[in-house]
1. Quick check on the exposure proxy: order A:203, B:258, A:243, B:100 from fewest to most C-beta atoms within 10 angstrom.
2. Roughly what % of Cα-Cα distances in the range B:152-223 sit above 16 Å, to the whole percent?
3. Report the one residue of B:82, B:103, B:43 whose Cα lies farthest in the direction of the positive end of the charge dipole of the range B:37-106 (charges on C-beta: Lys and Arg +1, Asp and Glu -1; origin at the Cα centre).
4. Taking θ as phi - 60°, what are the ³J(HN,Hα) couplings along the range A:41-48 by the Karplus curve (6.51, -1.76, 1.60), each to the nearest whole Hz, with x for Gly and Pro?
5. Can you compute the modelled spin-label distance between residue B:6 and residue B:123, with each label point 7 Å from Cα toward Cβ, in nm?
6. Let me know the Kirkwood hydrodynamic radius for chain B, please, with Cα pairs as the basis and the value in Å to one decimal.
7. log10 I(q)/I(0), Debye, Cα-only the range A:68-116, no solvent, q = 0.28, 0.30, 0.31, 0.32 Å⁻¹?
8. Give the value in nm², to one decimal: projected area of the alpha carbon convex hull of the range B:57-172, averaged over all directions.
Amino acid sequence: MTVSSRGSPVASSSGTGSAIDDPRLPMRDARAARVPPLARLWRDRAALAGLVLFLGILALALFAEWVAPFDPAAVHVRDRLQLPSTTYLLGTDELGRDVLSRIIFGARVSLAVGLIAVGVAATIGIVLGLSGGYYGGLADSLIMRGLDGLLAFPAVILALAIMTVLGPSLVNATIAIGIVSIPTFARITRGSILSLREKEFVEAARVSGATDRYLMARVLLPNCLSPLLVQASVGFANAILTEAALSFLGLGIQPPTPSWGAMLDSGRKYLDQTPWYSFSAGAAIFLVVLSLNLLGDGLRDALDPRLQGRT
Amino acid sequence: MSGYILRRVLHLGPVLLFISVIVLFVFRIIPGDAAVIRLGDNADPEAVTALRRTLGLDKPLPLQYLDWLGNAVRGDLGQSYINKQSVLSLVLEKLPATLELALLGVALALAISLPIGILTALHRGTWIDQLARVLALVGFCMPRYWLAVLLILLLAVRVPWFPAAGFADLTEDPLLNLRHAALPVLSVAFTLAAVQMRFLRSSLLDVIGQDYVRTAYAKGLRHRAVVLRHALKNTLIPFITVVGLELGNLLGGLVVVEQIFSWPGVGWLMIQSITHRDYAVVQGAVLLTATGFVLINLVVDVAYAYLDPRIRYT
C-alpha cells in the first residue's frame, strides 16, 4: 500500500519501509520519486483507456437529453422491433422505443445506482471499520461478527432477499446493493487501521495531544485511502452488475425507467427478430464494467509500493 | 491442525446464528402480514387472526425466532404456501440440478484455465500471452447473463445446435440432459475460467521470481521443466482455494443462469417463489444457500491449511 503520510516524516504500511511517495518528505526514495502514482497511472495505457471509456460513458449519462436522438419513453408503434437503421441506430424495442436512446438514459440510472450504493456502502463501511479497528475490544468483535454474517451470503442472494422484502424499485435496489457492499469496505479499512495503529507517526500524533476523532479522521484514514480507492472502482463495477442482475430478474428498476438489465431481459424474447436490442444492453453493461476494472487494475498497480520506481 | 479445524468448526456456530438472525429479521419485516399474504387481501379478519395464532405470528419476535430456529435445527423450515410441500424437501429436490451446473461449470473452467494459464506463463510476453490476457479480461468483465444471451443467440437461434432452454432428467436421458446443460454450463465456465486464468498466470509469474526457482534455473533445468515441475506445484495450492471460493460464489451467480435457461435448480425455485410471494420457500432457500456457502468456505480454509505445510493457523 502506498502511504502518503500526514504529520509524520516516517510512514509505511507495507512493512518494508521503502514506500514513501510524498514529494514533501525529505526521506523519500529517489527512484520512487521519479514516478509518482498519478504519473504511473497516466503511463498505463490500459488504465488510461479505462479512464477515457468511463468518462465517455459518464458524459453520455450527464448529457443524455442532448445526446440521445429520441425521448427514451417515446413510443413509435409502427416501428416496433426494427433492426438498426439510419433513423434508429440500434433499432427499436417491442413498443417501438429507440434502443440507443434508452441505453444512453439507462447509463444515467446504472451509474447513479452504482455511485450512490458504493458511496453509502463506503461511508458506512469506513466508519464501522475505523471504529472497530481503532477501539478494538467488544465493539470490534460485534461489528466484525455482524459483517461476517452479511458476508456469509452470496451478494446476489442477499440482494434478492432484501429486494423480496422491500419490493422492486430504484431506491430499494440502491439500498440492497449498498448493504451488500458494506462488509468489504469495513474489512479493508479495519485491516489497514490494525497495521497502522501501532506506527510511530500515529503514536507521535497521540502524544502530541490529538483526540481520538482527529487521529481517526486526519491521521489514520488518509493513510488507508489507496486500497479503498481501488475497492471503490471494483465495487462500483460490481454494484452495476448486481443492479443489472436484479433488474434482469424483474426485481430491480421498474418500467418505464430505462435500465440495462431489464432491456437485456426483454430483448431476449425477440432474439430471432432484433438481436441488437438485447445485445446492445449487454454490451453497455460490459463496457462500463470493463472501464472500471481497467481503471481499478491501473490504480492498484500505480498505488502498489512494490512497483514504485518502475516505468 | 486438528486444533485449527476444531476452532474453525466452533466459529461456524456464531456465523450460522448470525445468518439465521439476518434471514428472520429480513423476512419478518416483509411489508404486510404473512397471514394476510397467504389468505389474500379480502380474507375474513377472524380467519387471519386464527392463522396468525397457528403460525405463531402473535408471539413476541424473540419467541418467534426461537421457535423458528428450533424447528430449523430439526430440519423443519416450514411449508410452501402454494403446494403445502415441506420447504426442505422442495429445496433438496432442486439441489441436484444446481450442483450439476456448478460442478460441470467448474470442471470445464479448469479444463480451459489450467492449460492456457500455464501456456501464458511459459510464453510470457508473446502473442499467445497477449491474446489469452485479452480473452481473460473480456471473460472477467462479461456479465454472465449477457454471455448466456449471446450463446442462445449464436448456438440456439442462429445455429440450432443446442436447446435454448429446458431440462431433462440426468437419470432418465443423460444425453438429452447434457444437451440442455451445454449452454448454461458454457456460460458458467467461461467467466470462471477467466478468473482462474488471471489468477494462475499472475501467481505463476510471482513464483518464478523466487529464489528456489532461480536455483532450479542455475542447476541447468529448462524453462518448461522449471515452470511445470517446480513453480506449478506451489501455485496450485492458492489456486485450489480460489476455485473453491468460486464454487461458493456460484451459488449466487447461478440464480440468473438458471432463470435464463429455465433450469429447475435452487436459484430458479427462489425466483419462482419470489414471483408467487411464497416467502417461506424463499426464506428457506436463502438460509440453506448461505449455510452451503459458509460450509464450502470452511472446507476450502481447512483444505488450504492441510495442503500447505507452511500454514498452521494460530
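Quick note: the coordinates plus some simple rules give every number you see, no bench work behind them. Note that the structure is predicted; figures quoted are calculated from it, not measured. Glycine also receives a Cβ, built like all others from the backbone with ideal geometry; neighbour counts cover every protein chain displayed.
1. Values: A:203 12, B:258 24, A:243 29, B:100 19.
Placing the least packed residue first, the sequence is A:203, B:100, B:258, A:243.
2. Numbers: 1697 of 2556 pairs.
Value for the range B:152-223 (Cα pairs over 16 Å): 66 percent.
3. Going by the Cα projections, it comes out as B:103.
4. 3J(HN,Hα) across the range A:41-48, in whole Hz: 5, 5, 7, 7, 4, 5, 5, 5.
5. With each label placed 7 Å out from Cα toward Cβ, I get 5.3 nm.
6. Working: mean 1/r = 0.0442 Å⁻¹.
This gives a value of 22.6 Å.
7. Taking Cα atoms of the range A:68-116 as identical point scatterers yields -0.94, -1.03, -1.08, -1.12.
8. Numbers: hull surface 53.3 nm².
Answer in nm², one decimal: 13.3.
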